[in-house]
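Only one structure is covered here, and it is reproduced in the block below.
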Amino acid sequence: MSELQLVSTPTEVPEGPAPSLVRALRGYFETGATRPLSWRLGQLDAIGHFLMEREEDIFAALAADLGKPATEAFGAEIGVTLTELRLSRKKLRSWMKPERVGTSAVAMPGRSHIYREPLGVTLIIGAWNYPLQLVLLPLVGAIAAGNCAVLKPSEVAPNVSALVAKWVPKYLDPKAVKVVEGGVPETTALLREKWDHVFYTGNGTVGRIVMQAAAKNLTPVTLELGGKSPCIVDENVDLDLAAKRIVYGKFFNAGQTCVAPDYVLVHDRVHDALVNRMVSAIREFYGDDPQQSPDYARIVNERHHARLTRLLADADVVTGGETDLSDRYIAPTILRNVSGDHSVMQEEIFGPILPVISVPSVESAIRFVNERPKPLALYVFAREKDTQDRVLAGTSAGGTTINHIWLHVGVLQLPFGGVGDSGMGAYHGHRSFETFSHRRAVLKKPLLPDPPMLFPPYSARKLRWIKRLL
Ligand code: NAD
C-alpha cells in the first residue's frame, strides 16, 4: 500500500442508520416520484440554486479545508458543476427519449428501442481534494437519470462535508437525496447495504474495498481513482509556454489534483532550459514568497503534510522545498536528478512536488510510462503531429491533453475516467447520464403476422428458413 493512501481499516462498525436510510430511499424510488422529466429538471435547478446562493459559504469552507483561492474554488468546484448541470438540463429531454435502433430479420416485423431507465438507489462517495465537485458532479448524473442518491462527502475536508450535510437536504428533495457524513466506519456501514450503483472517487486501495463490498450484491461500480500522471516534453516545443502550463496544472490546488502532472519526462537536450523556465513561472505566478500568495492553496491536513515532507527528505531540490506545518504550507517545489526508483516515484505525489526526469528520446519516455500502471492522465508537449501520435499510440491513459494540462477534464463532451489501475467507468455530460442509467432493450412486436416457422414441431424446411434468417 502506498503512503498516499493512508488507509485505516475499521475497528468497530456501528449498525447505524444505513439500513433504514436505504429502505426509505428505495420506498421513495418505487413510488416513481423521481422518474418524470419535471422532477429531474427541478432537482438540477435546485443544485444550481444551492451553488449560486451559497457561493460565499462554499468559498469559506473550501478556504478552511484547503486554503483554496476563490478563483480555483469557482472554476474547479462551482463553475464546472454549474456547466455540467446546464448541459444536462438542456439535453435531458433528448437523452431520456427511447432510442430507435434497427431490428434484425429474425425479429421482423417489429420495432426496437433502447430505453434509459434509472438504476434505483445509488451511493456517491467523494474524495477530499475537490470535496464539493466530487459529490455534486456525479449527483447531477444520478438525478438526471432519475435515481435516488446518498452522498458521502470526504471527512478529510470537514468544512465542506458539513456544508453539504447542512444545505443539500434544504435545497434538494430530501426523500430522494440524503447525505451521510463520516469516515471509515460510516462508509463501511453504507457499503454493507445493497445499492444499485456505487460511484467512488479516491485511492485504489479503498477502490478495491468498495468493489469487493459491491460484488457481494452484484452492484456495478464506477471507480474514479488516481495514479502517477506523466507529462512528456519533447525537444521542439515552445519551452516558455510548456513551463507555464505545466506549473499552472501542477500547483493549482497545491498539486492536490488527481490529474495533475505527477512528474515530467523531458528530452535531455532541453532539460535545463525547461527547469529554469518552470522556476521563473513559479515566481511569476506566486511571487518570491509563495506562502504569502493569496493564489496558492494549502495541504489538506497534517498527515498529508508529513507524508509530503518525507518525500523531500533525500531530494535534489531546484526550487521550493520549504515547509511550514503550522500553516500546512509546502512551497511549489521542483526536483531534479530523480531516478525511477527514488521514493518520490514510488507513489502518487498528490502535492506540490514536481520531479523532472531527463530522457534521451520520446521512445524512452514511452517505455518509462509503460513500465508503470496506466495513469489517469498523460500529457505530451510536442510540436510535431507525428510525435503526438507516437505517444498516443504507444501509451494508455484515462485521458490526454496535448500541449496543455488537464483541460480535457473540463470538456464535458469527453468521458472522464481511468483505465487499469486509474479506475473503471467514466462520467461527465452524457456519460454521467449513461453511467447512472440502465439501457433496457425493448422490442415491440405486432400481434400479427404470427409465422408458424418459429415454433415446434421443427422440420428440415424450418431449419432451412432459420439458417437463411440468421
Ligand atoms: P479520501 O481520504 O477522501 O477517501 C475517499 C473516500 O473514501 C472518503 O469518502 C473516505 O471516507 C472513504 N474511505 C476511506 N477509507 C475507507 C475505507 N477503508 N473503507 C471505505 N471507505 C473509505 O481520499 P483519498 O483516497 O486520499 O483521495 C486521493 C486519491 O483519489 C488520489 O489517488 C487521487 O488521484 C484520487 N482522486 C481521483 C479523482 C478522479 O476523479 N479520478 C478525483 C480526486 C481524487
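Does K166 count as touching a strand residue (DSSP E or B) at 6+ places or on another chain (Cβ under 9 Å), open to solvent by 20 Å² or more (accessible area, probe 1.4 Å), farther than 24 Å from D196 by Cβ and in the same structural domain as S88 (by TED's automatic domain parsing)? When the stated conditions are applied, K166 passes them.
When residues in segment 307-349 are screened for being over 24 Å from K244 (Cβ atoms), assigned to a loop (DSSP other than H, G, I, E, B) and charged (D, E, K, R), 4 of them pass. Please go through segment 99-112 and pick out each residue that is open to solvent by less than 60 Å² (accessible area, probe 1.4 Å) and within 30 Å of I143 (Cβ to Cβ). Hits for segment 99-112 are V101, S112. The set of residues in segment 186-217 being within 9 Å of the ligand (Cβ to nearest atom), open to solvent by less than 50 Å² (accessible area, probe 1.4 Å) and not aliphatic (A, V, I, L, M) consists of T187, T188, Y200, T201, G202, N203, G204, T205, G207.
Among the criteria (1) within 14 Å of the ligand (Cβ to nearest atom); (2) in the same structural domain as I114 (by TED's automatic domain parsing), the one L376 does not fulfil is (2).
For segment 420-441, the set of residues classified as open to solvent by less than 40 Å² (accessible area, probe 1.4 Å), of a type outside the set (S, T, Y) and over 22 Å from W195 (Cα atoms) consists of G429 only.
Scanning segment 425-447 for residues that are assigned to a strand (DSSP E or B) and in contact with a Gly (Cβ under 7 Å, 6 or more places away or on another chain) yields a count of 3. The residues in segment 276-306 that are outside any loop (DSSP other than H, G, I, E, B), crowded, with 20+ Cβ neighbours inside 10 Å and in contact (Cβ under 8 Å) with a residue 60 or more places away in the chain can be counted, and the count is 2. Comparison of G425, G429 shows that the only residue that is within 15 Å of the ligand (Cβ to nearest atom), in contact with a strand residue (DSSP E or B) (Cβ under 8 Å, 6 or more places away or on another chain) and not assigned by TED's automatic domain parsing to the domain that holds L265 is G425.
Among the residues of segment 44-71, the ones that are part of a helix (DSSP H, G or I) and open to solvent by less than 20 Å² (accessible area, probe 1.4 Å) come to 11 in all.
Going through (1) more than 15 Å from G425 (Cβ to Cβ); (2) open to solvent by 20 Å² or more (accessible area, probe 1.4 Å); (3) more than 8 Å from the ligand (Cβ to nearest atom) one by one, V233 falls short only on (2).
The values are calculated or read from the model by the stated rules, or taken from the named source; none is laboratory data. Not measured: the values here are computed from a predicted model. A quick note on method: Cβ atoms are made from the backbone with ideal geometry, for glycine too, and the neighbour counts reach across all protein chains shown. Just the protein is used for accessible areas: all its heavy atoms, side chains included, with ligands, DNA and RNA removed. Shrake-Rupley method; radii C 1.70, N 1.55, O 1.52, S 1.80 Å.
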